[in-house]
Amino acid sequence: MPSPLEEIVRQKIRADGPMLIGAFMALALGHPEHGYYMKGDPFGRAGDFVTAPEVSQLFGEMIGVWAADLWMQMGAPERLAMVECGPGRGTLMADILRASRNVAGFHDALRIHLVEMSPVLRGKQREALAEYEVVWHEDFKGVPGDVPMIVIGNEFLDALPFEQYVGDVQRKVGLDEDAQLVFVPMEGDVYEFAPYRNDFVKCVCSRLKAQGGAALFIDYGHVHSGPGDTFQAIKGHEYVDVLSHIGDADLTSHVNFEALQRGVDIGVAGPVEQGDFLRALGIGLRARMLAEKADVQQVDMIEKGLHRLIDSDQMGSLFKVIGFYYHDKPLAPAGF
């Protein structure tokens, strides 16, 4: 039986003609009532996918070390906006803050800002970060522009709308003669471009140039541009047809890290593979420290989490890390 949102998509196509992929994706994820991110918690084993912060606390702890080190490189400013885009359940930010709480003066300087559109996930974040003062924003433009900032986005860019071309024709979602959803055109070499994603990164970079600071984005994707259809849907930890389960499956595409850098006029670090980045930050040493105080079952969990994060046949190679930075003091973001 078609989902309520699938019927809405069909009605829009009947009324206005085939729908651009970006518009389809935005509707499927962000419809106020039926959008995927608006009505539930997609994370964890009970959800549809697991992100790095849910795999192991080691991930967030390394990002916390990275952020605290950068703050010190910036001269330890008295105020710093710590911004996370798409913060999930708040697990990453909670781990960042726990790992950095002993850095003298760092937490006193922090103002925590979360960019989140989902009311359900805002509730989860409120629980995870109950001991901190947090300000939420519908989009990044609401983040204050008067202090230096550090921006974090883990598996955020992949969920931003994108577009596809087949040859010179922009691909759309339409209806066939049986009123079934199909891609138009259906065949041919697919080329993807993501103007909204690239513009978002440029917006962040322009803010960094004005305010000082850095941004760190971690996502799955490719370092160089090329043809290929990477539009995918995940439901119940399995890939499904992107034109099925509309509003009930996560929709993403691979990030083109080469395209993110075009037109950026501030410092760029990377991209590097996630495994190399985390190793450079000392994740192996931190894992051994945790294991020394753990029981046998906990040691097994620590080791499994570590390998999933850094091994090339797990998340270590597919996921890439890129940094953008600008400040009146020389900055050298760690891990690259």
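The values are calculated or read from the model by the stated rules, or taken from the named source; none is laboratory data. Remember, predicted model here, so these are calculated numbers, not experimental data. Glycine also receives a Cβ, built like all others from the backbone with ideal geometry; neighbour counts cover every protein chain displayed. Protein only, heavy atoms only, side chains kept; ligands, DNA and RNA dropped before computing areas. Shrake-Rupley method; radii C 1.70, N 1.55, O 1.52, S 1.80 Å.
In a residue-by-residue description of segment 197-206, the property of being of a type in the set (A, V, I, L, M, F, W, C) and modelled with pLDDT under 95 applies to no position.
Of PRO18, PRO2, PRO77, which residue is open to solvent by 10 Å² or more (accessible area, probe 1.4 Å), within 30 Å of MET186 (Cβ to Cβ) and at pLDDT 95 or above? PRO18 is the lone residue from the list that is open to solvent by 10 Å² or more (accessible area, probe 1.4 Å), within 30 Å of MET186 (Cβ to Cβ) and at pLDDT 95 or above. Restricted to segment 191-242, the set of strands (runs of 3 or more DSSP E) holding at least 3 residues that are open to solvent by 30 Å² or more (accessible area, probe 1.4 Å), over 20 Å from PRO87 (Cα atoms) and without any contact (Cβ under 8 Å) to a residue 40 or more places away in the chain comprises 238-240. Being among the hydrophobic types (A, V, I, L, M, F, W, C) and either in a helix (DSSP H, G or I) or touching an Asp or Glu at 6+ places or on another chain (Cβ under 9 Å) (or both) is a description that does not apply to VAL173.
Among the residues of segment 167-181, the ones that are over 22 Å from ARG14 (Cα atoms) and either open to solvent by less than 20 Å² (accessible area, probe 1.4 Å) or charged (D, E, K, R) (or both) come to 1 in all.
Of the residues examined, VAL147 is one that is assigned to a loop (DSSP other than H, G, I, E, B), open to solvent by less than 50 Å² (accessible area, probe 1.4 Å) and modelled with pLDDT of 95 or more. Right, ALA287: more than 22 Å from PHE156 (Cα to Cα) and among the hydrophobic types (A, V, I, L, M, F, W, C) or not? For ALA287, the condition - more than 22 Å from PHE156 (Cα to Cα) and among the hydrophobic types (A, V, I, L, M, F, W, C) - is met.
Taking the conditions exactly as written (not in a strand (DSSP E or B) and not polar (S, T, N, Q)), does VAL264 satisfy them or not?
yes
Taken over segment 245-261, residues that are over 30 Å from GLU33 (Cα atoms) and not in a helix (DSSP H, G or I) amount to 2.
Going residue by residue through segment 10-23, is there one that turns out to be without any contact (Cβ under 8 Å) to a residue 40 or more places away in the chain and over 23 Å from TYR196 (Cβ atoms)? Let's see the steps before the verdict.
So in segment 10-23, the residues without any contact (Cβ under 8 Å) to a residue 40 or more places away in the chain come out as 11-12, 15-16.
Filter again for over 23 Å from TYR196 (Cβ atoms), leaving 11, 15.
Checking segment 10-23: at least one residue is without any contact (Cβ under 8 Å) to a residue 40 or more places away in the chain and over 23 Å from TYR196 (Cβ atoms).
If the condition is being outside any helix (DSSP H, G or I) and open to solvent by 90 Å² or more (accessible area, probe 1.4 Å), then segment 267-311 contributes only LYS293.
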